[in-house]
Amino acid sequence: MSSAYQVNQQPNNATPKQESITGVVEGHCYLPQPELIEEVTKCLKTDDHQPMEEGIATIIKNMSLADELIRESSPEQMLLCYNPAFFNTENNLALLIAQRLRNPINPDMERVSTWLARFTESRKVELSPQQQEAVEMAAYSRVLILTGGPGTGKTFSVRTIVELWKAMGKSIALAAPTGRAAQRLTEMTGLEAKTVHRLLEFDPKSMGFKRDMKNPLPQKAIIIDEASMLDLFLAYSLIKAVPEDGQILFVGDIDQLPSVGPGKVLGDLINSSKVPVIRLTQIFRQAQTSAIIRSAHQINLGQYPNIEPISETPQSDCLWHGGGQQPEHGVQAITELIADFIPKLGFNPVADVQVLSPMTRGLVGTRNLNNVLQQLINPPSPQKLEVTRGGTVFRVGDRVIQLTNDYNREVFNGDVGFITNIDTEEQEVIVQYQERDVTYDYADLNELGLAWSVTIHKSQGSEYPVVIMPIYTQHYMLLSRNLIYTGLTRAKKLAIIVGSKKAIGMAVRSVNQKERYTQLRERLAQI
């Protein structure tokens, strides 16, 4: 029974792992009792045994009496079954946010308006009414959410808020869930940004964060970018570490994929109607020239995107390659694009191109594509050392991705680097992440995977000069509007969708994904 939510009992602030009975991480914070019974029945059923639902219901009741499971009655009089760690974290997160919202800041808004007028005039820029409201609200909001799609001015709004906070004498901390997103935030603001784990000073010895309510962050104003990636436990650890007299700005695109971990924190905060939200909707003139941005907004509205068919002389930055109707044709199309078409446009296949796939399996899944692209982009040679582990060949020059959080090496799930050296005598592999070298023993290579192709989920928080995205009907189980929207908006200069129009249409129309079971919004609303 306890396998319904498998939680590691980790000390102080650590993030539990969540697995459903079926082994698929679905992001739920609880299960309704009828669904829990159904899942347990499936798990226990064998050819010789058919478990009785009444017996399972009795076990669930006994677990709740023993505090191994928390059952909460919903307004619809349905019992919601929580692992205690999930229940307490969700409840406490709502309480902490509500406490902060009750503690207002009272700045001199006339001075803020005067500063903002001088700032925009000196830089010869004009804020949209939504952007101006966001900057002004950042002066007095304990908790604030800034959301919006590509081209709506989130970046300039964040820069302006940082400058305002500097002018107000506030100490500022910047963070994002992934290393690449933190690097982008640094480039955006000119201030150092960290991963959330580094900001909170994760301690591998205790498997917990050093920063918490007893030892809060020294900064008074915190910005968290790519906030849609925050799961329930990381969001709670973060809020606990914000000083009582501090404030926090969450920045993110609510229409992207939800967090890999449990919950839908950003969406619940926005939909609670308790947390102040600025939703940027105006697409700026310079952004309107980008077909990537126009197509992303069309997809978000449920419209089939107006994408230019590929040709030798492309006129826009968003292209469609039919790639045949079958995945094997797609693999051939991708290799031809990388070997010939993309270099002609001036892009470097090694540094600039990222292939994003909806899934790992299949011909156009990341596993097969990584093998194909490794042979194409970084083929074997006598000058390149390589090592094989778990069926994967790792070669000097390969792009690789960290698959788990490694707190000792300070590399985290989704970090991407390049293999710069392999020491066959010491049996070590050296990976360069940005400007930092990390050493792996051969025994730890299961933490790494090839990254010539990664899943769209793994690409969250990152941007690439060129994105190639295969979309085929074989992916139908995973195709959704926010999936293709997320993948497309990872591209900075060129996006190429390879696949069938039917599959693209299926993704654009698909909004009936199974909703995650969470109660954060309701808890905030009740408070």
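Which ³J(HN,Hα) values, rounded to whole Hz and listed in residue order, are derived for the range 216-230 from phi using the Karplus coefficients 6.51, -1.76 and 1.60 in 6.51 cos²θ - 1.76 cosθ + 1.60 with θ = phi - 60°, glycine and proline given as x?
Listing the rounded values in order: x, 4, x, 7, 9, 9, 10, 10, 10, 8, 6, 5, 5, 8, 6 Hz.
What size of dipole, in debye to the nearest 20, comes out for the range 200-250 about its Cα centre when the only charges are +1 on Lys and Arg C-beta atoms and -1 on Asp and Glu C-beta atoms?
220 debye
Would you pull out the residues with amide H under 5 Å of ASN421's amide H, same chain only if 5 or more places away, H placed 1.01 Å from N?
Placed amide hydrogens put ILE430 under 5 Å from ASN421.
Would you rank LEU65, LEU36 by solvent-accessible area, highest first, keeping every protein chain in place and using a 1.4 Å probe?
The ranking, largest first, comes out as LEU65, LEU36.
Amide H neighbours of LEU319 under 5 Å, at least 5 residues apart or on other chains, H built in the peptide plane: list them.
ALA495, ILE496, ILE497
Using heavy-atom solvent-accessible surface (probe 1.4 Å) with all chains present, what is the largest-first order of ILE70, ILE292?
Largest accessible area first, the residues go ILE70, ILE292.
Scaled to the compact-protein estimate 2.2 N^0.38 Å, what is the alpha-carbon radius of gyration of the chain, rounded to two decimal places?
For the chain, the normalised Cα radius of gyration is 1.01.
Just how far, in whole angstrom, is the range 438-517 from the range 43-60 if you go by their alpha carbon centroids?
About 38 Å separates the Cα centre of the range 43-60 from the one of the range 438-517.
Between rounded, prolate and oblate, where does the range 73-168 land on the alpha carbon gyration tensor, with a ≥ b ≥ c its root eigenvalues, rounded for a/c under 1.5, else prolate if a/b exceeds b/c?
Taking the square roots of the gyration eigenvalues as a ≥ b ≥ c, the range 73-168 is prolate.
Order THR281, THR420, most accessible first, counting only protein heavy atoms with a 1.4 angstrom probe.
THR281, THR420
Could you work out how far the C-alpha centroid of the range 185-251 sits from that of the range 313-340, in angstrom?
Each part's Cα centre sits 41 Å from the other's.
Please report, as a whole percent, how much of the solvent-accessible surface of the chain comes from carbon and sulfur atoms (probe radius 1.4 Å).
48 percent
What shape does the range 300-354 take by its C-alpha gyration tensor, where a ≥ b ≥ c are the square roots of the eigenvalues and a/c under 1.5 counts as rounded, a/b above b/c as prolate, and the rest as oblate?
Oblate shape, in that a/c is at least 1.5 and b/c is the bigger or equal ratio.
When all protein chains stay in place, what accessible area (Å², nearest 10, 1.4 Å probe) is found for SER381?
Solvent-accessible area, nearest 10 Å²: 40 Å².
So how much accessible area does GLU53 have, in Å² to the nearest 10, using a 1.4 Å probe?
So the heavy atoms of GLU53 present about 110 Å² to solvent.
What residues qualify as long-range amide H neighbours of GLY208, i.e. H under 5 Å apart, gap of 5 or more or another chain, H built at 1.01 Å from N?
Those qualifying (amide H under 5 Å, at least 5 residues apart or on another chain) are ASP203.
Explain nothing, just compute: Karplus ³J(HN,Hα) = 6.51 cos²θ - 1.76 cosθ + 1.60, θ = phi - 60°, for every residue of the range 50-61 in order, whole Hz, x for Gly and Pro.
Values, residue by residue: 10, x, 8, 4, 5, x, 5, 4, 5, 4, 4, 4 Hz.
Please state the shape class of the range 85-137: rounded when a/c is under 1.5, otherwise prolate if a/b exceeds b/c and oblate if not, all from the C-alpha gyration tensor.
Judged from the Cα gyration tensor, the range 85-137 comes out prolate (a/c at least 1.5, a/b above b/c).
The values are calculated or read from the model by the stated rules, or taken from the named source; none is laboratory data. Here the structure is a predicted model, which is why all the values come from computation and not from measurement. Glycine gets a Cβ as well: all are built from the backbone with ideal geometry, and neighbour counts include every protein chain shown. SASA here: full protein model, heavy atoms, side chains in, ligands and nucleic acids out. Shrake-Rupley method; radii C 1.70, N 1.55, O 1.52, S 1.80 Å.
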